[in-house]
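A.B. asks: Got a structure for you, questions after.
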Amino acid sequence: MMIQQQGKKVGLPLMNLVRLNRTPILKQLHLEEKLLRKSSTNWCIINDGTDTPAIVMGISGKPSELLEIGSVLRDQVPVIKRFTGGGTVVVDKGTVFVTLICNKDDVPGVQPYPRSIMSWSGLLYNQVFKGIADFQLRENDYVFGNRKFGGNAQSITKNRWIHHTSFLWDYAEGNMAFLKQPARAPEYRM
Amino acid sequence: MASRLLWASRAASYLRISVFHRGFSSVIKDLKYADSHEWVKVDGNSATIGITDHAQDHLGDVVYVELPEVGVTVKQDASFGAVESVKATSDVNSPVSGKVVEVNEELSSSPALVNSSPYEDGWIIKVEMDNAGELKKLMDADQYTKFCEEEDSKH
């Protein structure tokens with residue numbers, strides 16, 4: 001408790017770190033939603049890849065609009081709808097997942113709203129990627145220059161929030177063919 | 001004035017220009033307010049619920065609303081649905097306990113009503129209250145205005 005309070009004083013949340021390796025993404029999402037809603041401490045989850053390729057859609061995603069259904073069915077790729085917002089990603093063993101789950105009061109200066117949380121996470125990853133390419137937060141996406149290299153999304157409850165990212169450390173180009181170009185996309189992704 | 005500023009905020013968003021939040025949000029006098037930024041309009045035993053102008057301004061453009069089913073029970077302070085904006089789902093919590101008797105189906109095809117008309121066309125659910133005494137825990141318009149100012153000043 002004392003360490004937690006000292007952490008609060010310097011504006012940094014005390015995090016429980018969970019490191020996973022090739023945990024299936026569905027299992028990871030179950031864990032995340034449970035920790036968001038049932039835990040009262042802060043968590044950082046890092047999963048180095050998922051066991052098999054999967055398509056993960058945001059809460060409002062419509063498969064007919066976002067996916068090449070024929071190819072998805074032919075190749076029997078699992079399609080998962082997650083509890084956070086945002087778009088669609090194809091994930092596999094080359095994806096590095098990083099998740100932050102925080103009490104809103106443990107991160108001073110950050111309001112429990114999407115843009116405020118993203119400003120904070122953008123600063124965090126700016127430190128992580130310092131000196132590596134030209135990292136930016138651009139129209140709510142993490143990019144190196146004009147290349148998006150991951151997908152991120154959030155969910156906000158009354159007193160807590162989650163910000164999770166799938167970084168495409170590597171990916172199979174063929175898998176991207178499962179996805180259609182979304183109707184709403186920032187210009188730099190055209 | 002409020003609608004002109006709302007238009008300016010939405011125009012800036014379309015043009016992808018950063019815009020600071022408006023210095024004030026509209027608050028309706030006869031409603032009651034929760035500290036999680038939902039409003040409730042009481043008419044006898046019936047309560048109409050939505051999110052406030054402050055909330056919609058901070059959330060950004062709402063692209064999806066997850067509605068509960070008619071007939072489910074809601075509890076004060078507990079989540080009954082969510083809105084999606086800027087890649088985030090945000091819980092919507094009920095200011096009162098009771099049973100959902102109607103949901104705003106318009107929001108399925110026009111979620112932006114939550115932004116453009118948070119206190120009228122953007123209402124989310126109607127509830128038959130089971131304990132009107134719970135209203136005492138909510139804020140009136142003046143208290144809510146002050147609450148928002150204090151919250152914004154901390155950040």
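The values are calculated or read from the model by the stated rules, or taken from the named source; none is laboratory data. Quick caveat: nothing in here was measured; it's all calculated off a predicted structure. Positions of Cβ are backbone-derived with ideal geometry, glycine not excepted, and every protein chain shown enters the neighbour counts. Areas reflect the complete protein model, heavy atoms only, side chains present, ligands, DNA and RNA absent. Shrake-Rupley method; radii C 1.70, N 1.55, O 1.52, S 1.80 Å.
A.B. asks: What pairs can you find where one residue is in the stretch B:69-92 and within 9 Å of chain A (Cβ to nearest Cβ), the other is in a loop (DSSP other than H, G, I, E, B) and among the charged types (D, E, K, R), and their Cβ atoms are less than 7 Å apart, with a gap of 6+ or different chains?
C.D. replies: B:SER85/B:ASP61; B:ASP91/A:LYS158
A.B. asks: What tally of residues in the stretch B:137-155 results from selecting those that are within 14 Å of chain A (Cβ to nearest Cβ) and open to solvent by less than 60 Å² (accessible area, probe 1.4 Å)?
C.D. replies: So the answer is 4.
A.B. asks: Checking A:SER71 against (1) outside any strand (DSSP E or B); (2) within 30 Å of B:HIS37 (Cβ to Cβ); (3) polar (S, T, N, Q), which single condition isn't satisfied?
C.D. replies: (2)
A.B. asks: Can you work out which of the residues in the stretch B:52-68 that are in contact with a strand residue (DSSP E or B) (Cβ under 8 Å, 6 or more places away or on another chain) and outside any strand (DSSP E or B) is farthest from the other protein chains (Cβ to nearest Cβ)?
C.D. replies: By that ranking, first place goes to B:PRO68.
A.B. asks: Next question. If B:TRP123 passes every condition in (1) in contact (Cβ under 8 Å) with a residue 40 or more places away in the chain; (2) away from chain A (no Cβ under 14 Å); (3) outside any loop (DSSP other than H, G, I, E, B) but one, which one does it miss?
C.D. replies: Going through the list (1) in contact (Cβ under 8 Å) with a residue 40 or more places away in the chain; (2) away from chain A (no Cβ under 14 Å); (3) outside any loop (DSSP other than H, G, I, E, B), B:TRP123 breaks only (3).
A.B. asks: Report whether or not B:THR73 is closer than 18 Å to B:THR48 by Cβ and of a type in the set (Ser, Thr, Tyr).
C.D. replies: Yes, satisfied.
A.B. asks: Sort out which residues of the stretch A:15-68 are of a type in the set (A, V, I, L, M, F, W, C) and assigned to a helix (DSSP H, G or I), and write them in order of number.
C.D. replies: Passing the criteria: A:ILE25, A:LEU26, A:LEU29, A:LEU31, A:LEU35, A:LEU36, A:LEU66.
A.B. asks: Something else about it: Pairs, please: C-beta under 8 Å, at least 6 apart or cross-chain, first residue more than 14 Å from chain A (Cβ to nearest Cβ) and part of a loop (DSSP other than H, G, I, E, B) and in the stretch B:27-50, second of a type in the set (Lys, Arg) and open to solvent by 60 Å² or more (accessible area, probe 1.4 Å)?
C.D. replies: Once the first residue is more than 14 Å from chain A (Cβ to nearest Cβ) and part of a loop (DSSP other than H, G, I, E, B) and sits in the stretch B:27-50, its partners that are of a type in the set (Lys, Arg) and open to solvent by 60 Å² or more (accessible area, probe 1.4 Å) give B:ASP30/B:LYS41; B:LEU31/B:LYS41.
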